[in-house]
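Each value in this text was obtained by applying a stated rule to the coordinates, not by laboratory testing. For clarity, every value in this text was computed on a predicted model and none was experimentally measured. For neighbour counting, all protein chains shown are included, and Cβ atoms are generated from backbone atoms with ideal geometry for every residue, glycine included.
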Amino acid sequence: MSRILVLGGGVVGLSTAIMLTRQGHDVTVFERDREPAPGSAEEAWHAWPRRGVAQFRQPHYLHAAGRQILDRHLPDVKERLLRAGCVTFDISATMPPCITDRTRRESDERFVTVTGRRSTIEHAVARVAERLLPVARGVSIVGLLTGPSVTKGIPHVTGVRTTAGDTFSADLVVDAMGRRSRLPDWLEAIGARRPIEEAEESGFIYYTRFFRTTTGGVPPCRTGLLTHFHSFSLLMLPGDSYTWSVTVFTFSGDPVLKTLRDPMRWAALVHACPLHAHWLTGEPITTVLPMGGITDRYRRFVVDGVPVATGVVSVGDAWACTNPLGGRGITMGLMHAVGTAEVARQHLDDPLALVLAQDAMTEARVTPWYRDTVGFDRRRTAQINAIIQGRRASPPTDPGSALFVAMLYDAEAFRAAIEIASLLALPHEVMARPGMLDRITDLARSREAVAPPGPSRDELVRLLAS
């Protein structure tokens, strides 16, 4: 039996720990926040501080690819989510009205997910984990222990040291400490090279309110969950227990929209969008919750084909974190957790092979989703910048933009688009299918993107200045 320490008791850390425990390993989770998981999901929403998770009460969504992971690897977590009031949501039901072929297909079942608020998802994972393994809360890690190198010149991690001075040994340390992980500093302190790191500000600010209804169900999505306007976007996400969130996404370089902290102005903007105003029905259960300063950041722990250290790997946001506009974080983290558990099962007795295999798995399965997200951020930022500055944005020429038009009119293109949005297939995989690229290109040439009804830029400026 191998000894594994998982640092970080969020959704990804706990999910990784559950899967490793079920392989027969002796796993302990260390979580810096000391407050235990409350007795119910509703208590988790109201009273669980989770100071270490800045986005704990921001919008979250579990994509269909994440639901498939729950089905295969964490069925008891899925069951717990459903018992806590999480909703079963079918994104294929958001098909645009211009599509005439609305016949449901057997394969559409792949688009169904189970989702809820972040607090409820984490509560469900925590309750399952705590029945299976030790979760030590209120323990802060300050550094790594080392032992004899297994490969000349590469430090080998053999455990961790806490702020209290305690030491814990391990055959493997898993960093799941999220966006704030200090693993690169700890590696440097033991003489390791720093990992490759890329970072850039996503440039977006989020203004969110949560709502609840007592009549059951969430408002329909008449234009899909996410709608892009000229210089802002609107997102509605279904939650558990008859709740949902509405988020206005803006660019941080747009001073006009910083007034959206005001609930009256925030509501006025949503009301000004006819196909979205009904999202404001129900009782607000929060004020406007702003969040900014989000960084797209990626780390790679193999440099020039050589790992910076053995005995330690990084998963989820500790490896790479992205702008939450697409709601990909939890699902990408679960993908990474599954791959890491598979690598541990195959290579735990060979530390060098393990870190190399984990790097190869990450680059093949998860890094492409990170790159895709960053690419979207850059394109969207350029569009909004042009609008704010009164310039005409260059027309997009990439296949993804053609797909965005084609999906409004064609059932196959729509399914291809939501397959990508649900993290079920990467864009290049979809475009490589026989006839797909020609199909969406022809459709995009003969049709046009329909702008959703809403205020013009000038009308928006006047609206928010009043």
message: Could you derive backbone 3J(HN,Hα) for the stretch 92-101 from the dihedral phi with the Karplus parameters 6.51, -1.76 and 1.60 (θ = phi - 60°), listing whole Hz in sequence and x where the residue is Gly or Pro?
response: 5, 6, 8, 3, x, x, 6, 7, 8, 7
message: To make sure I understand, if each residue's beta carbon is the centre and we count other beta carbons within 10 Å, what order do 302, 312, 343 fall in, fewest to most?
response: 302, 343, 312
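With 10 angstrom as the radius, rank 347, 25, 278 by how many other C-beta atoms surround their C-beta, starting from the fewest.
Numbers: 347 17, 25 20, 278 14.
Ranked by crowding around the Cβ, least crowded first: 278, 347, 25.
Suppose we look only past 27 Å in the calculated P(r) of the chain. What percent of the Cα-Cα pairs does that tail hold?
56 percent
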query: Relative to the longest principal Cα axis of the chain, at what angle does helix 436-446 sit, 0 to 90 degrees, rounded to 10?
result: 30 degrees
field: Environment charge of residue 378, counting only residues whose C-beta is closer than 12 Å and scoring Lys/Arg +1, Asp/Glu -1
entry: -3
task: Working from Cα positions, state the angle (0 to 90°, nearest 10) between the long axis of helix 64-73 and the longest principal axis of the chain.
output: 30 degrees
- line: Taking alpha-carbon centroids only, the stretch 313-375 lies from the stretch 69-138 a number of Å equal to 20 Å
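Most exposed first by the Cβ proxy, i.e. fewest other Cβ within 10 Å, how do 86, 98 rank?
98, 86
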statement: Around residue 70 (Cβ within 12 Å, Cβ-to-Cβ, excluding residue 70; K/R +1, D/E -1) the net charge comes to +1
task: Mind checking which of 192, 168, 125 is farthest towards the positive end of the stretch 117-192's charge dipole, using Cβ charges of +1 (Lys, Arg) and -1 (Asp, Glu) about the Cα centre?
output: 125
message: For the stretch 253-332, what does the relative contact order come out to in percent, with C-alpha contacts under 8 Å and a separation of six or more?
response: 22 percent
query: In sequence order, what are the phi-derived ³J(HN,Hα) couplings for the stretch 203-213 according to the Karplus relation 6.51 cos²θ - 1.76 cosθ + 1.60 with θ = phi - 60°, rounded to whole Hz, with x for glycine and proline?
result: x, 10, 10, 10, 10, 10, 10, 9, 10, 9, 10
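How would the stretch 1-68 be classified by its alpha-carbon gyration tensor: rounded, prolate or oblate, with rounded meaning a/c under 1.5 and the a/b versus b/c comparison settling the rest? Intermediate results must be reported in sequence, preceding the final value.
Values: a/c = 2.23, a/b = 1.41, b/c = 1.58.
It comes out oblate by the Cα gyration axes.
Which of rounded, prolate or oblate describes the stretch 57-194 when judged by the alpha-carbon gyration tensor and an a/c cut-off of 1.5? Let's see the in-between values first.
Details: a/c = 2.99, a/b = 2.22, b/c = 1.35.
Verdict is prolate for the stretch 57-194.
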statement: Treating only Lys and Arg (+1) and Asp and Glu (-1) as charged, each at its beta carbon, one finds that the chain has a dipole about its Cα centre, in Debye to the nearest 20, of 760 debye
- request: Select from 348, 30, 75 the residue farthest towards the positive end of the dipole of the chain; place +1 on Cβ of Lys and Arg, -1 on Cβ of Asp and Glu, and compute about the Cα centre.
  value: 30
- prompt: Cα gyration tensor of the stretch 201-291, axes a ≥ b ≥ c as square roots of the eigenvalues: rounded (a/c below 1.5), prolate (a/b > b/c) or oblate?
  reply: prolate
query: Along the stretch 418-428, what does the Karplus equation 6.51 cos²θ - 1.76 cosθ + 1.60 (θ = phi - 60°) give for ³J(HN,Hα), rounded to whole Hz, x for Gly and Pro?
result: 6, 5, 5, 4, 8, 6, 8, 7, 6, x, 5
- request: Using only Cα atoms, find the angle between the long axis of helix 329-347 and the longest principal axis of the chain, and express it within 0 to 90 degrees, rounded to the nearest 10.
  value: 30 degrees
- request: Assign unit charges at the C-beta atoms only (+1 for Lys and Arg, -1 for Asp and Glu), then state the dipole size of the stretch 185-293 relative to its Cα centre in Debye, rounded to the nearest 20.
  value: 460 debye
